Each structure stands twice: as C-alpha cells, then as structure tokens.
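Heads up: the structure comes next, in structure tokens.
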Amino acid sequence: MVLAGTAACGTVENLSAGQKLDNAFEKLGEERSIAFELDLDTDAKSLMALDAEQSEPGEEMPAEIAELLSEGTISVSMHSKKPIEESEEKDFTAMAMKLSGPDGALLEYRLVGDWFYARVDAATLGEMSGNPMPPADELPPEAGAFKKLLAGEWVKLSKKEMEETGKNMSGAEGLGESPSAEPSLDAKTQKKLTDALKKAVAQNVDFATSGGSDGTEHIKATAPFRTLVTELLGALKPLQNDLPIGDELPTAKDFVDAPNTKVSADFTLKNGELTEVSVDLAELAESAKVKKFALVLRVSEGEKPEAPAGATELDIEELMTIMLTGAFGGAVSDEEFGDVPLEEGDLAGDTQMW
C-alpha cells in the first residue's frame, strides 16, 4: 500500500500504476478467503555459492538445506467471517500452513474451530537437520499418540488446553510474569508512519507498466537499495518513540557498505487482481555465480481450510511429560542443556501460542 500511495505522488505513469495497485489491494481486502504461496526463484548451486562467500570454513550450507530452500514452498491460507481488511484475530475461523520440500509436505498445520491439527515428515526433517528421530515403531507405549505424529499421521490438540498450558507455564514461579499484549499502532501514528514512508520513497522508486492481451499486466517498481533503505530509516527515526520496536533503529552508517544497485519488485495483475509479487534480489548478491535469486509470493482467493479426517487426539500434558522424562531414550539431563542458566522470563514469551 505504501508503494501504491508513493506511485500516486509521482509521474503520470506512476499515478496510473499506483491506481492499479491500489485497486488490486482493495480487492484482496474484500475477500473472506485468501491464500499465499512463498518460494525462492533460484537453484541450490546459487544458494551454496552465495553462502560459501559468507560462511567460515566447515560451516557452509549443506546441500540438502540448499535444495530445500531452492525447491521448497510455504503455503498459507485463511478464512474469515468478515472481509480480510476488516478482520481481527477473533474473526478468523480457519487457518492453514504447509512447508513443502522437493518430495512433498514436510510440515503442515491447520487451525479449524477449537482444534489445532498437525503432521510432519519427521524422518526427512531429522535427516536434513542432522538429528534423526527414532522410528515410530521403536517408541515405548507411553509415547502414546506421539507415535502417530512421528509416523506422519495427523494429530490434533485442543486450542483451549494449549492456551491454558501456555498461561500456566508463563505464570509459574521462576518463569517471570505473563506476557503482555502485543503493542499496536494507533490510527494517528499509523498515518504518520505511512506519510513518512511515502515521502521517503517518492523520489527513489520508478514504475514501469507492461501488459498482455490476455488481461495480464505487470507493474515493476525499481529503486537503488542503499539509498532507499537509508531514506526509509531517516523517515522512521523521528517516529521511533511511537513505534512498537524494542531496539534502536539501524542508522545510515550500518548500511554504508551495502550495495546501491537497483532492486525491483514485479507485481502481476490478472484482470485487475493481484496474482504474484516477485522481488529480484540477484543484484544484491554481487556474485557472478548467482544469476537468479528472487523472492516470489503468489496470491489466490483460496478455499476455507477443513479439518483432516482421522486425526488422533494428542494430550498436551502427555506430550510435555514425554519430552521432559525422555521417553525416547532416557530422562533429560543437565548435560543435554549445557551450563547455560535459565534466566527469569526466558520462557514467558515462548509459551504464548495464540
């Protein structure tokens, strides 16, 4: 939306592009169901070459991880009782997320009504991470429904029980106080922020529009990376005290060595509706070995996520007991955690799941 508003502040072509983007985002906001798919448009060799330039000897990215990142996708879908732009957390009745690798789904979860559903490809994830999980048929009987999860089957947990467990853990003695609500921006600060961002990029972003005969149109936004980031930070600095951020904002000095090559975002519209956004990051790599490196987001209307059939209920207390008592092969010992002390509040923010 900032790009759309920025386009409207510039040339005639930018004005036209801005209006089209504005309309496309408004249409998205009117939907009650929406789906996204995110992936990297690159190859494993390019990722490994890029990582090798920044890693210490012996710490380079494994080929398996590079393949997952280059061929994997993250899919998200959600459904609300209201139009998306008007929806708050309580309005969403179903959500789903899936992480897929070259050979299929690696991790998938769904939140439908009062239940949280999940399944994982534990064997593949264990191999990729270098920490293989035991086969499900080798687990003791007390592992219960967790054996189903390791076998790649659907399990379900009560959302209410998860919330209560999170509250109990965050309020337990020695674990600090319960986490406070996430900070949010009031309407006045939101307007100041949007106006500042629009002003910062208005002189640096160029738009170009091209279209086809089948109703498909491309709007490309291009800007020099270091100049744009520096000006954005400069615009945010006066508003820092009003923003929900914990640390000091970076300064222009932090980006003095960043490349100032131009990066571009390509918005694809089909009959006026946004279908894809591709951000080309290859120029930032500054490596002759990296020819193609882009972040791609695909958008569709989506369908309402449904509860999977045959899911086995997993009791959250049983799950925690399994993890703490080491049902996979001996109780958890101090040595496994090392000598790092548990500070007050370390877990307080990690157990709040919703």
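The values are calculated or read from the model by the stated rules, or taken from the named source; none is laboratory data. Remember, predicted model here, so these are calculated numbers, not experimental data. Don't worry about glycine lacking a Cβ; one is built from the backbone with ideal geometry, like all the others, and counts go over all protein chains shown. When the accessible area is computed, the model is the full protein with side chains, heavy atoms only, and any ligands, DNA or RNA have been set aside. Shrake-Rupley method; radii C 1.70, N 1.55, O 1.52, S 1.80 Å.
Worth a mention:
- Carbon and sulfur %, accessible surface of the range 18-127 computed with the full protein complex present, 1.4 Å: 50 percent
- Projected label distance in nm at Asp22 and Lys220, using a 7 Å step from Cα toward the beta-carbon: 2.5 nm
- Each residue of the range 303-315 is assigned a 3J(HN,Hα), and the resulting list reads 10, 5, x, 10, 6, x, 7, x, 6, 8, 6, 10, 6 Hz, derived from the Karplus form 6.51 cos²θ - 1.76 cosθ + 1.60 (θ = phi - 60°), x at Gly and Pro.
- Ranked by the mean number of other Cβ atoms within 10 Å of their residues, highest first, the peptides 77-83, 257-263, 112-118 fall in the order 77-83, 112-118, 257-263.
- Centroid-to-centroid, using Cα positions, the range 20-38 and the range 272-320 are 16 Å apart.
- Placing dummy labels 7 Å off each Cα toward the beta-carbon, the span from Glu60 to Glu153 is 4.3 nm.
- Reachable lysines, given that their alpha-carbon falls under 23 Å from the alpha-carbon of Lys167 and they are not under 8 places away in the same chain: Lys90, Lys156, Lys159
- Residues in the range 25-30 carry Karplus couplings, in order, of 5, 5, 5, 4, x, 7 Hz; the curve used is 6.51 cos²θ - 1.76 cosθ + 1.60 with θ = phi - 60°, and Gly or Pro positions show x.
- Of all lysines in the structure, those lying under 30 Å Cα to Cα from Lys292, and not within fewer than 8 positions of it along the same chain, are Lys20, Lys45, Lys98, Lys198, Lys220, Lys253, Lys262, Lys270.
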